[in-house]
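The values are calculated or read from the model by the stated rules, or taken from the named source; none is laboratory data. Because the structure is predicted, anything quoted here is derived from the model rather than measured. Quick reminder, even Gly has a Cβ in these numbers, built from the backbone with ideal geometry, and neighbours come from all protein chains shown.
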């Protein structure tokens, strides 16, 4: 119960921090050169591809399955070029032993909820094509664990870093297309059967490729 309460507070704190920053900028009446609202909403389809590496008490590596899911993000432009983005999405991944003493083991599956906050710089390549780069932090929450062939499995929630690059391509006054790639640097401490079978650290470090639409009113 304590763990669930802590993770919920961390996720809410990340969102609240973004909201406070946006509120402060709004109070300062930040305006953009094109007269649009500072708020932008994107809906993407994302392909999540873990770049996993296990460091466990049993020699070997694991395979963490890829996932395709929808993702929502909310951006706030403090100036025409500087923005903050809160990225929201959750994915489910199968986990299997790949080599060494882990080969052939079914480690079940787990859900990941990694709310990520990035600071971005947007370039005015043309009036309608605006690339951007960003960097920030994420807090990954692991939930809904299925232990596979074991009695139980536990993943520890953790902080990580994020890098991002993408481009917004306007198709009208308010709508456009978005292409985006992110690299998350995250790992987790894992215990199988309360550490009786194997425990240690697993680096997940996923690449996230996204494509979708944006709306800025």
**Q.** Residues that are on the phi < 0 side of the Ramachandran plot and not in a strand (DSSP E or B), drawn from the stretch 57-82
**A.** 57, 58, 59, 61, 65, 66, 78, 79, 80, 81
Q | Among the candidates 163, 107, 179, residue that is buried (at least 20 other Cβ atoms within 10 Å of the Cβ), touching a strand residue (DSSP E or B) at 6+ places or on another chain (Cβ under 7 Å) and either farther than 30 Å from residue 83 by Cα or free of Cβ contacts under 8 Å to residues at least 40 places away in the same chain (or both) | A | 107
**Q.** Selected residue (only one of 85, 80, 52, 71 is surrounded by 16 or more Cβ atoms within 10 Å (Cβ to Cβ) and farther than 19 Å from residue 185 by Cβ)
**A.** 80
Q | In the stretch 182-211, the residues that are outside any strand (DSSP E or B) and either in contact (Cβ under 8 Å) with a residue 60 or more places away in the chain or within 17 Å of residue 41 (Cα to Cα) (or both) | A | 186, 197, 204, 205, 206
(Q) Within the stretch 26-42, does at least one residue satisfy the condition of being within 16 Å of residue 155 (Cβ to Cβ), at pLDDT below 85, out of contact with any helix residue (DSSP H, G or I) (no Cβ under 7 Å at 6 or more places or on another chain) and surrounded by 13 or more Cβ atoms within 10 Å (Cβ to Cβ)? (A) no
(Q) With the structure loaded, tell me whether residue 137 is assigned to a strand (DSSP E or B), touching a helix residue (DSSP H, G or I) at 6+ places or on another chain (Cβ under 9 Å), surrounded by fewer than 20 Cβ atoms within 10 Å (Cβ to Cβ) and in contact (Cβ under 8 Å) with a residue 12 or more places away in the chain or whether it fails that test. (A) yes
Q. Would the stretch 147-159 turn up any residue that is over 20 Å from residue 92 (Cβ atoms) and modelled with pLDDT of 90 or more?
A. yes
